[in-house]
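Before any comments, here is the structure.
The values are calculated or read from the model by the stated rules, or taken from the named source; none is laboratory data. The structure displayed is predicted, hence computed values, not measured ones. Backbone-built Cβ (ideal geometry, glycine too); neighbour counts: all protein chains shown. Heads up: the accessible areas ignore ligands, DNA and RNA and are worked out on the full protein's heavy atoms, side chains in. Shrake-Rupley method; radii C 1.70, N 1.55, O 1.52, S 1.80 Å.
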Amino acid sequence: AAMRAFINDQKNAKDTAGGIVEAHVFGCPIGLGSCMTWDARLDSRIAAAVIAIQAFKGVEFGLGFEAARRPGSQVHDEIGFDPSQSNSPSLGFTRKSNNAGGIEGGMTNGQPIIVRGAMKPISTLGKPLASVDLNTKQPSEAGWERSDISAISAASVIMENVVAFEVARAFVEKFGGDSLGELRANYETY
């Protein structure tokens, strides 16, 4: 409701609105991605996919940009051990927080992946901004070429899918196989 009200306010002001989209990926096994090269890091791959979405201008994981404003003691996720979880995929190692957003060193750490993307407002406004006529080189008002005020709700679906695709791609690379049955068997023996 708050988002709709904000978008309606921008419409009434003949302006446009961007926003921040957040996607969470649950249940990833530990070790998807790689720490070996910049282009094999899962966070690099997800970031590239998100920033490639039209009008996206920023990407962050976990605390993201907020991590730069805090001391290390308020950023790094402490590691603990719970013997009752020794038979779990984490082998009993636990975290009290997920400030890293589920990815450390380019690889999943067993916690949910949390990624946010920032989308800029639509460029053409109902109240045109100053521009220049390309033919005469004289000052001119920018044209209004579209009537929507925000594409953030549609962009959220796109972002969710590009993140899912990159996680699925990393999953297939790690567990491989020629069939879904073989992939499942490889994962189950992991």
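A few remarks follow.
- Exposure of residue 157 as accessible area (Å², to 10), given a probe of 1.4 Å and all protein chains: 80
- Surface composition of the chain: carbon and sulfur make up 56 percent of the accessible area, probe 1.4 Å.
- Radius of gyration over Kirkwood radius for the chain, both on Cα atoms: the Rg/Rh ratio is 1.11.
- Charge context of residue 105, other residues only, Cβ under 13 angstrom, K/R +1, D/E -1: -2
- Per-residue SASA entry for residue 76, accessible area with 1.4 Å probe, Å² rounded to 10: 130
- Overall Cα dimensions of region 1-105 - principal axes, largest extent first, Å: 58, 31, 29
- Rg(Cα)/(2.2 N^0.38 Å) for region 100-190, N = residue count: 1.83
- Using C-alpha pairs below 8 Å separated by at least 6 residues, the relative contact order for the chain is 31 percent.
- Those GluC sites (Glu not before Pro) in region 51-119 that DSSP places in a loop and that have at most 14 other beta carbons within 10 Å: 78
- Heavy-atom SASA rank of 144, 38 (probe 1.4 Å, accessible area, largest first): 38, 144
- Axial C-alpha extent at least 18 Å, average Kyte-Doolittle at least -0.5 - helices from the chain (DSSP): 152-175
- Alpha-carbon centroids, region 121-190 and region 21-82: separation in whole Å: 18
- Full extension of the chain between residue 90 and residue 3 gives 27.5 nm of extra length, using 0.36 nm per residue less the Cα-Cα distance.
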